[in-house]
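This report concerns only the one structure given below.
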Amino acid sequence: MITGRLNGGNYWYRHPFVWVSVHLPTITQDFVPIDFMIDTGMTRSCLHPQDTIGKIAIEPAALADSARWPRKRTAGGIGGRVTNYVHDAQYLFHHEDGSVALSITTETIELVPPTATNTAYPSLLGMDMLRYFRLRMDYASGIVVLEL
Amino acid sequence: MSVAPSSASALRSWAAAEAEDAFWREHYPAYLKAYPDQFVAAAKDDGRVIAADPDLLRIVQLIRECGLDIQQVWVRFMAATPISLAL
């Protein structure tokens, strides 16, 4: 069982978050913990600049240069269309004691280039990951559970 | 060729997540008042705030000017103005 929580720090309503370790081959050497917002409206998981720059440690100049990223994917949303960079990724979902509940090595992650408005956004865990779980959220108790 | 990280790396990652989570749970309310609508960078080793700025790219620069690497700090945005998301 993977446990997350509802976090109200930045939003009108609390939103579900869960810590996931990610490894981006050729970019990271170790697993890096990312506090993802769970987003059932998102098709593919993504890292926003606060995490790509602040945790994955990609240089801002590298993120701003689309020529450095050979794989791209355009996604549509309420804010319009955005072209993200696509990179292979390994995801680790942890039990509460830190042991690995599930390792997913067959998926990618999208890196969202920085814009004037997106630097404070959370990274998003989309349906490409959520499809592996039964998702249970209890708003009153503030608990989110991802069950295998 | 890229080598997959070890299982020890996975445990370190989880420990790092727990440490960061505990840090922000303890300090977020105070930093929200002190640094509204700014990114705050805090040193992982002793928790001291080393930089605060509304601009993420400026924070990266300030961290380097302190002689630290981005991976030696925690960075989080202190959203005093509630965000309504439509992602």
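With everything on Cα atoms, drop me the angle between helix B:7-34 and the longest principal axis of chain B, reported from 0 to 90° to the nearest 10. Roughly 10 degrees between the two axes.
Where does chain A land at 222 nm, in deg cm²/dmol rounded to the nearest 500, when only DSSP H runs of n ≥ 4 count, each adding -39500 (n - 2.57), divided by all residues? Working shown, then result.
Numbers: 3 runs with 15 residues, N = 148.
Helices in chain A give a 222 nm mean residue ellipticity of -2000 deg cm²/dmol.
Placing +1 on the Cβ of every Lys and Arg and -1 on the Cβ of every Asp and Glu, with nothing else charged, gives chain A a dipole about its Cα centre of roughly 440 debye. Between the helical axis of B:56-65 and the longest alpha-carbon principal axis of chain B there is an angle of about 70 degrees. Qualifying trypsin sites (Lys or Arg not before Pro) in the range B:14-87, where qualification requires a DSSP coil assignment and no more than 12 other C-beta atoms within 10 Å, comprise B:ARG48. Using C-alpha pairs under 8 Å with a sequence gap of at least 6, the mean separation divided by the residue count of the range B:8-78 gives a relative contact order of 32 percent. Taking only the Cα atoms of the range A:21-129, the ratio Rg/Rh comes out at 0.94, with Rh defined as the Kirkwood radius.
Scan chain A and report its longest stretch carrying no chymotrypsin sites (Phe, Trp or Tyr not before Pro) that are both in a DSSP loop and have at most 12 other Cβ atoms within 10 Å.
Free of exposed loop sites, the longest segment is A:14-138.
By the rule of a C-alpha distance below 16 Å, with chain neighbours fewer than 8 residues away ignored, the lysines paired with B:LYS44 are A:LYS55.
Averaging the Cα positions of each part gives two centres, and for the range B:1-55 and the range A:50-103 these lie 18 Å apart. Other protein chain C-beta atoms within 10 Å of residue C-beta, averaged over A:49-55: 5. Basic side chains Lys and Arg get +1 at the Cβ, acidic Asp and Glu get -1 at the Cβ, and with that the dipole of the range B:8-78 about its Cα centre reaches some 20 debye.
Looking at chain A, what % of its DSSP beta bridges pair antiparallel, to the nearest 5? Mind dumping the intermediate values first?
Values: 38 of 42 bridges.
Of those bridges, close to 90 percent are antiparallel.
Applying the criteria of a DSSP loop state and at most 10 other Cβ atoms within 10 Å to the trypsin sites (Lys or Arg not before Pro) of the range A:98-137 yields A:ARG131.
Histogrammed with a bin width of 5 Å, the alpha carbon distances of the protein assembly as shown distribute as 1, 6, 14, 19, 21, 19, 13, 6, 1, 0 percent, first bin at zero.
Loop-resident GluC sites (Glu not before Pro) (DSSP state other than H, G, I, E or B) in the range A:50-148 with no more than 11 further Cβ atoms inside 10 Å of their Cβ: A:GLU96.
When Cβ neighbours within 10 Å are restricted to other protein chains, what is their mean count per residue of peptide A:90-98? Write down the numbers at each step before the final one.
On the way: counts 3, 0, 6, 0, 6, 1, 2, 2, 8.
Taking all residues of A:90-98 together, the mean is 3.
Readers should treat all values here as calculations from the given coordinates under stated rules, not as data from a laboratory. As the structure is a prediction and not an experimental result, all values here were calculated from the model. Every residue, glycine as well, gets a Cβ built from its backbone with ideal geometry; the counts of neighbours run over all protein chains shown.
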